[in-house]
1. Taking the stretch 156-167, which residues are crowded, with 21+ Cβ neighbours inside 10 Å and either in a helix (DSSP H, G or I) or out of contact with any helix residue (DSSP H, G or I) (no Cβ under 7 Å at 6 or more places or on another chain) (or both)?
2. Name the pairs whose Cβ atoms lie under 9 Å apart, with the first residue in the stretch 397-426 and in contact (Cβ under 8 Å) with a residue 12 or more places away in the chain and hydrophobic (A, V, I, L, M, F, W, C), the second open to solvent by 60 Å² or more (accessible area, probe 1.4 Å) and not in a helix (DSSP H, G or I), and 6 or more positions between them or separate chains?
3. May I ask you to list the residues in the stretch 79-114 that are modelled with pLDDT of 90 or more and polar (S, T, N, Q)?
4. I need the full set of residues from the stretch 168-199 which are in a strand (DSSP E or B) and either of a type in the set (V, I, T) or open to solvent by less than 70 Å² (accessible area, probe 1.4 Å) (or both), in order please.
5. Search the stretch 332-353 for residues being assigned to a helix (DSSP H, G or I) and within 24 Å of E409 (Cβ to Cβ), and hand back the single one that is nearest to the chain's Cα centre (by Cα).
6. Being aliphatic (A, V, I, L, M), touching a residue at least 24 places away in the same chain (Cβ under 8 Å) and open to solvent by 20 Å² or more (accessible area, probe 1.4 Å) is the filter here, so list the residues in the stretch 116-151 that pass it.
7. If we scan the stretch 258-266, do we find a residue that is surrounded by fewer than 18 Cβ atoms within 10 Å (Cβ to Cβ), among the aromatic types (F, W, Y), modelled with pLDDT under 80 and more than 20 Å from L338 (Cα to Cα)?
8. Can you go through A350, A357 and tell me which one is open to solvent by 10 Å² or more (accessible area, probe 1.4 Å), of a type outside the set (S, T, Y) and modelled with pLDDT of 95 or more?
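The values are calculated or read from the model by the stated rules, or taken from the named source; none is laboratory data. Nothing here was measured: the structure is a model prediction, and the numbers come from that model. Cβ: placed from backbone, ideal geometry, glycine included. Neighbour counts: every protein chain shown. These area figures cover heavy atoms from the full protein model, side chains too; ligands, DNA and RNA do not enter into them. Shrake-Rupley method; radii C 1.70, N 1.55, O 1.52, S 1.80 Å.
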Amino acid sequence: MFLDCLMYTTAVIEIADDLEKIKGPVTSLGAFAYRYEQKDSGSIFKDGRTYREWLAAQQNYAEENEFDKVIFTDIADFYQRIYFHRIENLLRSATSKKHLVRLTEGIIKKIRGKQSYGIPVGGTASRLIAEAVLSDFDHSMEAEEYHFSRFVDDIRIYIKDGESPYRALSLVAETLLSEGLTLNAQKTKVLDKNDYLAFLASESNDTFETTEKEALKALADLIYFEEGNQEEIALQIEKLQSLNLIEMLEKALAEDYWDFGKVRSIFRALRLTNNEDCVEYISKNLETLLPFVKDIVLLLDALRKNGMISALDITDRILPLLSSGAGHAVPVIRAWLLEIFVRGISPISAKKVAEIAKLSELDGRQIVLINGVIKNVVYFRKNKTRFEQFGKFEQYALILAASCLPADEYETWLGAIKPGLNGPLDSMYCDWARSKHGSLEQVISSLSTIVNE
C-alpha cells in the first residue's frame, strides 16, 4: 500500500501547480482549503488555511459585509462519489504531463477496483485532486456573482437582502449534479445573519467538557497541518494526554451514528500521545473498527516504532477478517489489513501468506511485499521467471521485494527484466531498487513516514 501511495502522491505533486492554476484566486474567500504553494520547508500547502482559520475568515467577512442570510450545506460522500471520468477529463485538460496523468489514473483505477467513482479518502494527492474537481463549481458560483466560501465539501453561501436562497440552492444542486455529486440534505439549512454569527461564536462547543474541547482544538491544529514550534506542539500533546482517550473512543463508537471525523481525531490523538493502553481494546474490537483500519495501522505502527509495544501477534484475528465481511469485499480495507504484515506489525508465516486469497491486483502487490518482508526467497525464485504474468503495479512491488534474494542473483534478474520495461520511470525505479538491496524493511519504514497521512 505504501508504494502505491508514494507513487500516487509523487505524481500528483508533480502536476499540483497545474491543478492550482485552474482554481479561483487564492486571495478570495471561495475555495479556502489546501491551496498549493511550493515552499522550501517541504510543506506544499499555503499557510493560514486551516479549518480554524476558515472560521476566523468567515467571522471577518461577516463583520465587513452586508448580507441577509447564509446557506449551510455540504456534499454527500464527496470523496467516494467523484466520478473517475471527471478525474480523467480534469487531469488531461489541466496538464501536459501525460505520463504522470496515466500513472495517476492507473493507480486510482487499481485502488477503486471495478467501481467507476471514488478516490482514496484523505492524503495529499487526493486533497489536491478533490479541490481541483470542484473548480468548475467555484467558477459557476463566481459567474452568478454569489459570495461563497468552501472548506473542501463544506459550503457557505451568502445571500443578500432580496435574493432567494432557494434559487441559490437550486443552482448549487444543479451544478454539483453535473459532476455526479449531490447535497447532503440533513446538513443543508438557511440561517439569518444573527444566527450565523452566533454559530461562529459557538462553533468550538461540542459534547465534550471544557478540557476535552481545548485538547481537541489543539489536535485540530495538528490535523490541519498548522505549523508551530516544538514547544507549542509539546503543549498541545500535553493537553491530549490529559484526556481519557480510550473512554472517549468507546463513547464515540457507542453512538447510534458515528461521527467519523471525531473518531479519526481520537485515533490521531492516541498516536500523538504514544498511548499503548489502546492496543488491547483495538485487538478485541478489530472487526467493529474496520472502517478505521488505516488509522489503526498508523497507530500500531507508530507505537511499535516508538518502542511502546514489542511484537504484536494479531495475525489470527486478521486472517478471518480477510475471508468475510468488509475485510473481504472492500479492496481498500483489505489492503490496509495486509499492510499490518507489510509493516511487520504482526508476524506471519509463508504458509499463511500463501493461504491469503488474491482478489485484486491491490491484494497481489501487498502479498508480494509481505513475502519480501518475511524473506521468502523460495517465493521469489518461483515467480521471477513469471514476471510478465504479474500486473503492472504488482511488478513494481516484485522488483523491490525481490531484493531479499542474494545480490548476484538479484542483479542478474534485474538485468534480464529491465529491457522489457517501458514506463517513463521504470529504468530509474530499477536502479533505485538495486541500490536498496537487502534493506526492504528500512525502505518500507522510511516510505511509510511519507504516506502516513
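1. Within the stretch 156-167, Y158 is the sole residue that qualifies.
2. L400/K436; C404/K375; C404/H437; L405/H437; A407/H437
3. The answer is N89, S93, T95, S96.
4. Of the stretch 168-199, the ones in a strand (DSSP E or B) are 183, 189-192.
Across the stretch 168-199, the qualifying residues are L183, V190, L191, D192.
5. Our first condition is that a residue be assigned to a helix (DSSP H, G or I); within the stretch 332-353, this holds for 332-342, 350-353.
Those still in the list that are within 24 Å of E409 (Cβ to Cβ) too: 342, 350-351, 353.
Details: V342: 18, A350: 30, K351: 32, V353: 27 Å.
So the residue we want is V342.
6. Within the stretch 116-151, the first condition is being aliphatic (A, V, I, L, M), and the residues that meet it are 119, 121, 125, 128-130, 132-134, 141, 143.
So of that shortlist, the ones also touching a residue at least 24 places away in the same chain (Cβ under 8 Å) come out as 119, 121, 125, 128-130, 132-134, 141.
Within the stretch 116-151, just V121 meets the criteria.
7. Scanning the stretch 258-266 turns up no residue that is surrounded by fewer than 18 Cβ atoms within 10 Å (Cβ to Cβ), among the aromatic types (F, W, Y), modelled with pLDDT under 80 and more than 20 Å from L338 (Cα to Cα).
8. Details: A357 fails: modelled with pLDDT of 95 or more.
Matching residue, one of A350, A357: A350.
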